[in-house]
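Some notes on the structure that comes next.
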Amino acid sequence: MEVSIKVPGSCGELIQGMLNQVNFLVTCPIDCYSVVTIKKSDCLGITVDVPEKNKLITAVKQAIKIMEIDPDQGYEIVVSSDLTVGKGMASSTADMTAAILGVALINGKQADETLISRILLDIEPSDGIFYNGIVAFDHIHGSFCEKVGDSFPANFLIYDYGGEIDTIAFNANPLLQSINLEKQPVIKKAYELLKTAFDHKDIRTLGQAVTISAIENQKLLYKKDLEDIILLSSDCGAYGINVAHSGTLIGIVNNEATDLTRLQEKMHLFYPELTCLGNFSLVNGGYEYVIKGES
C-alpha cells in the first residue's frame, strides 16, 4: 500500500502583517504542487529520496507521536515538487503537510488542519495553504484561521529576484514586531479590500489590496524597483503586484485582458536580472490524495 498526497504551493502571500495585534497572512495558493508518496518499509526509520528534508522528517516523527502510531515502523518517502525552496512558495509547508497526511492515511488515522497547524508551527512559521479555500491565518502561533473566500479566475506572473530567504531568521528580526504594528492600520484597510474582492470575485480590487501590502512590506524586505514594476505592469493591463513577504518573489496579477506578451517583453527589457518562473492560476488551498494497494 502506498499513499500519494498533492498540496499546492503559493505565490508568496496576498497580504501579510498584523490584525488586532496578531500576526497573520492571507494565503495565495497556485497551481504548482508538491506531491509526497509514502509507503511502509521493513527497514527502521524514515528514508526520503531528496536530501536535506530534515523538516519533513521532524514533522513525520511528530505526527507519529501525536497520533500514537507504532514508532518502530519504517517508511519510504518520495518527494516530487515543482516548488522552489527559499523563495516564498511555501515549499516546506507543502512538503510537511503532505507527509503528515500521508503517514496518517497509511496508518488509518485522520489528520485535520488543527493537527497539521500544530505540528508545522512547532517547527517554523508556516503558510496556511493546507486549509481549504483562501484563508487569513496566524502563521506564527496558529491562534486563528478565517476563510476569506474561494479562488476565482486570477493569474500571477511570477518573477524571482534571486537568492534565498530563511523564514525562521526573517521572523526572528527584532524590528519585525514594531514595523508590523506601525503599518497595521494600512494592512487592515488592505484586508477589508481583499474580502470585498473575494465577495465580488473582482480581480481589480484584488490587485489593489495586494499592492498595498506589497508596498508596505518594502519597510521589512525591500524589493528593488517594485514601484516602477507596478507602473509598468499597469500599463500592460495588469491589476497589481503581490509579493512573498519573507521571500524573493513578486506576482503580477493578470487575466485574459492583460497584454501578457507585451508585459513579459517589457520586464525582460528593463529588468533582465529577474527570472520569470511562469504564469500561474490562483487555486483553492487544501490537498488531494490517492491510495494504491491494500493495507
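For n ≥ 4 DSSP H runs only, could you compute -39500 (n - 2.57) per run for the chain, divide by its residues and tell me the 222 nm figure to the nearest 500? Walk me through the numbers before you get to the answer.
Working: 9 runs with 104 residues, N = 295.
Result for the chain: -11000 deg cm²/dmol, rounded to the nearest 500.
Toward the positive end of the charge dipole of the chain, with +1 on the Cβ of Lys and Arg and -1 on the Cβ of Asp and Glu, the farthest Cα among 19, 237, 168 is that of 19.
With respect to the chain, whose longest principal axis is taken over its alpha-carbon atoms, helix 203-216 is tilted by about 90°. Consider all pairwise Cα distances in segment 1-112 and report the whole-number % of them above 17 Å. It works out to 55 percent of all Cα pairs.
Sort 274-287, 20-33 for me by packing, meaning the mean count of neighbouring Cβ atoms within 10 Å per residue, highest on top.
Numbers: 274-287: 18.4, 20-33: 21.7.
In decreasing order of mean packing, 274-287, 20-33 become 20-33, 274-287.
Measuring against 28 Å, Cα to Cα, the residue pairs 87/188; 65/195; 53/188 contain 65/195; 53/188 as the ones spanning a longer distance. The three principal axes of the C-alpha atoms in segment 150-281 carry coordinate ranges of 42, 37, 23 Å, sorted with the longest axis first.
Could you list, in their original order, any pairs among 6/292; 61/147; 6/40; 6/201 whose Cα atoms are separated by more than 24 Å?
Numbers: 6/292 14 Å; 61/147 29 Å; 6/40 19 Å; 6/201 26 Å.
Cα-Cα > 24 Å for 61/147; 6/201; rest within.
Mind ordering 39-48, 186-195 by average Cβ neighbours within 10 Å, highest first?
Working: 39-48: 14.0, 186-195: 18.1.
My ranking of the peptides, most packed first, is 186-195, 39-48.
Of all aspartates and glutamates in the structure, those lying under 19 Å Cα to Cα from residue 189, and not within fewer than 8 positions of it along the same chain, are 13, 138, 146, 199, 202, 216.
Against the chain, whose longest principal axis is taken from its Cα atoms, helix 226-235 shows a tilt of about 70°. Within the chain, all pairs of alpha-carbon atoms sorted by distance into 10 Å bins from zero give the percentages 7, 29, 33, 20, 9, 2. Equivalent-ellipsoid semi-axes for segment 232-280 (Cα gyration tensor, √(5λ), whole Å, largest first): 17, 14, 9. Quick one: helix 184-200 against the long Cα principal axis of the chain, what's the angle to the nearest 10°, folded into 0 to 90? With rounding to tens, the tilt is 80 degrees.
In a reduced charge model with +1 at each Lys and Arg Cβ and -1 at each Asp and Glu Cβ, the chain shows a dipole moment near 380 debye about its Cα centre. Cross-link partners for residue 266 among the aspartates and glutamates, with Cα-Cα distance under 19 Å and sequence neighbours closer than 8 places in the same chain left out: 160, 225, 227, 228, 235, 256.
A short reminder: the numbers here are calculations on the coordinates, not readings from a lab. As the structure is a computational prediction, the values presented were derived from the model and not from experiment. We place every Cβ from the backbone using ideal geometry, glycine too, and count neighbours over all the protein chains shown.
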